[in-house]
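Quick notes on the structure that follows.
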Amino acid sequence: MDGSVAPGCMIGILGSGQLGRMLAMAAARLGVKSHIYAPEPGPATDVAAHFTLMPYDDVRALGEFAASVSLVTYEFENVPSETARIIAEHCPVLPGPRALATTQDRLLEKQFLNGLGIETAPYMPVDDAGSLARAVAQLGRPSILKTRRFGYDGKGQATVREGSDLPAVFCALGAAPCILEGMVPFTREVSVVAARSTDGSFAAWDVCENEHANHVLARTLVPAKIDEDTAREAIEIVHRVVDGLDYVGVIAVEMFAVGDAGGGERLLVNEIAPRVHNSGHWTIDGSVTSQFEQHIRAICGWPLGSPRRLGRIEMLNLLGDDIFRWRDFLVEAGTSLHVYGKNEARPGRKMGHVTRLFEN
């Protein structure tokens, strides 16, 4: 950085969802203004200093947006790569283009991880119904077919079971390039949320244990119920990932903990999220430094904050109609309520979250 990123500056955020909202709120606490760029309004536009509502492929609008800020970050990884490229001609984009390109494509992501010697579930590329049949013959059933791009919260994936019509399953995902993943007999799902700054400094929060409902994160517990050696290994895996990507910002790496013959656990990486992450929302109330503040510190080239946990944590996502229980959470001792300001509660939609903080 050239030293121009300081309190009082303006940063750009691609995306107008709840992650952008919480990034803008954390930036404001540090005296940094936010300019949101997105095709339509969302929770982030309610709290940002400025916003631009234009398509991601509008070259003129992107240039004007980039000229108004010191740097640009993003709240979701499915930002079009061409959008990032256009903006990068005018100002820094962090995390950088390599991280975005690698994590946008599930096949490239797994190849990157395996290249670092990091284990993943077994997988095979699938480009048509014929290659799906060959992949199923090798990996077996049940297995999971996932689109290589544009998938999250269970979107863009389907389970291949005994009796599944393979051409129909492939067509149901839009006949797009996919990968087939073998099922993993995991004992628990965990994630590590961490940050790397422009000078290579690294900080990680305690390993989270995650419970999903219909492929959407429902509950996070911190610390995860894994032994100390496994927790250290999980954080070391993430350190290798961020160094390998020359990453700047907050990242989340989702993993499966799989029991081994000796009674211990080994870790398989499931996915990388090149952004602040739902399983790190507890850090707002349960850590010295939240993941959102840490991301602002990292991309601005400032010293990273302490990730020290303040107690034992339970974080619950408020999905759909759960949000209508907001009064109950307000009166519950030791509980912090976060409402994202979305206009419509739909089944499975993330409307907010609550964090419960307990003494260790």
- [ ] Output the peptides 348-354, 190-196, 140-146, 102-108 sorted from most to least packed, where packing is the average of other Cβ atoms within 10 Å over each peptide's residues.
- [x] 190-196, 348-354, 102-108, 140-146
Task: For a label point 7 Å along the Cα-to-beta-carbon line of Asp127, residues of region 173-190 with backbone N under 18 Å - done: 174-181
- [ ] Go ahead and set up a Gaussian network model of the chain, Cα springs under 10 Å, then flag whichever of Gly115, Gly341, Gly12 fluctuates most.
- [x] Gly115
Open item on the list: Suppose the chain between His239 and Ala28 were pulled fully straight at 0.36 nm per residue; how much longer would it get relative to their current alpha carbon spacing?
Closed with: 73.1 nm
Open item on the list: Can you list residues from other chains, or at least 5 along the same chain, whose modelled amide H is less than 5 Å from the amide H of Arg275?
Closed with: Ala252
Open item on the list: Based only on other Cβ atoms within 10 Å, what is the fewest-to-most ordering of Arg346, Arg356, Arg60, Arg240?
Closed with: Arg60, Arg346, Arg240, Arg356
Task: Label-point gap, in nm, between Ala345 and Asp246 - each point 7 angstrom along Cα→Cβ - done: 4.7
- [ ] Would you calculate a helix-derived [θ] at 222 nm for the chain, using -39,500 (n - 2.57) for each DSSP H run of n ≥ 4 and dividing by the full residue count, to the nearest 500?
- [x] -8000 deg cm²/dmol
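Taking the beta-carbon count within 10 Å as an exposure proxy, list Glu109, Glu209, Glu233, Glu40 from fewest neighbours to most.
The most exposed by this proxy come first: Glu40, Glu233, Glu209, Glu109.
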Open item on the list: Testing the spin-label approximation: label points 7 Å from Cα along Cα→Cβ at Gln111 and Arg98. State their distance in nm.
Closed with: 1.6
- [ ] Please work out how much length the chain gains when fully extended from Trp326 to Leu166, using 0.36 nm per residue of separation minus the C-alpha to C-alpha distance, in nm with one decimal.
- [x] 53.2 nm
- [ ] Count the net charge of all other residues whose Cβ sits under 14 Å from the Cβ of Ile323, scoring Lys and Arg as +1 and Asp and Glu as -1.
- [x] +2
Task: Formal net charge of residues neighbouring Met54 (Cβ-Cβ distance under 13 Å; K, R +1; D, E -1) - done: -3
Task: Proximal charge balance of Val160 [Cβ under 14 Å; K/R count +1, D/E count -1] - done: +1
- [ ] Using only Cα atoms, figure out Rg for the chain and give it as a multiple of 2.2 N^0.38 Å.
- [x] 0.98
- [ ] Sort Tyr247, Tyr37 so that the residue with the fewest other Cβ atoms within 10 Å of its own Cβ comes first and the one with the most comes last.
- [x] Tyr247, Tyr37
Open item on the list: Test of understanding: what is the full-extension gain from Ala333 to Ser68, defined as 0.36 nm times their sequence separation minus their Cα-Cα distance?
Closed with: 91.1 nm
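Taken together, the values in this text are just the output of simple stated rules run on the coordinates, not laboratory data. Note that the structure is a prediction, hence the values are computed from the model and not measured. Cβ: placed from backbone, ideal geometry, glycine included. Neighbour counts: every protein chain shown.
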